[in-house]
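A short worksheet on the structure shown next.
Read-outs throughout are calculated quantities, based only on the coordinates presented, and are distinct from any laboratory measurement. Remember, predicted model here, so these are calculated numbers, not experimental data. Note that we place each Cβ from the backbone using ideal geometry, even for glycine, and neighbour counts take in every protein chain shown.
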Amino acid sequence: MRLLFVEDDARIAESAANYLRKVGMAVDVAPSGEDALRLAVLNEYDIAVLDIRLPGIDGLEVCRRLRHSGHAIRILMATARDTVEDRIAGLDLGADDYVVKPYVLAELEARVRALLRRPASVVPVTLQVEDLSLDTGTRIAERNGRQISLTSKEYAVLEYLMRHPGDVVTREKISAHAWDDNYDPASNVIDVYIARLRKKIDDPSEPPLVSTIRGAGYRLGSPKHARTR
């Protein structure tokens, strides 16, 4: 899951971004509305946490421009406690939900995950690929009744693969959704995480689910599960 956190207060932004990264999200921080719009063009985000009170282009205008351009990103507006009008304006412009500042970071995480369970297309709470399941609420994976322990980054990679069952997924696509701007495309870190997932998911007694497609990327599950485009 890749998140765009738009906040001009550097202390709040750093604290929230570090917390969300620890729970398995890839986070890019934008300190202004202009930066938010630029990053939204360059990267594919699942959700944006968007502060209304920004210097220059404010959060309401960012929300309006994103929706006017047809961007399907889920938007969680961050508003001050006493600005009901801002909340109404944000929702009217196409925001999906709001959180009141100052917020507890655990509540912010819960609201982000709740938004991801809402359909942009269809985003199920439990993902299933053949006999592998992943509960996106508890972040617990199971295969044939065997519980699979995952690190935060392993979870992020597996979640993305399971949202694209049967598809050949490139390293670039994985990095775009499971890493932030600190990702080094010259590294082999994605290969390392795929190897770790393969070891955990593919028991020797079970048919392998994780495939390497030489020169193209990786696939989870059979090609028959690939979505029709």
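The table below lists the values:
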read-out: CD proxy at 222 nm, helix term only [per DSSP H run n ≥ 4: -39500 (n - 2.57); per residue of the chain; nearest 500]; value: -11500 deg cm²/dmol
read-out: The chain, dipole about Cα centre (Lys/Arg Cβ +1, Asp/Glu Cβ -1), debye to the nearest 20; value: 820 debye
read-out: Subset of 153/173; 22/173; 22/199 violating a 19 Å alpha-carbon distance limit; value: 22/173; 22/199
read-out: Candidates per GluC sites (Glu not before Pro) in region 38-106, loop by DSSP, up to 15 other Cβ within 10 Å; value: 44
read-out: Scattering curve values for the chain, log₁₀ I(q)/I(0), Debye with Cα scatterers, q = 0.09, 0.11, 0.17 Å⁻¹; value: -0.39, -0.58, -1.22
read-out: Computed lengthening from residue 198 to residue 15, 0.36 nm per intervening residue step minus Cα-Cα distance; value: 62.6 nm
read-out: Equivalent ellipsoid semi-axes, region 2-116, via Cα gyration tensor eigenvalues times 5, rooted, Å; value: 18, 16, 14
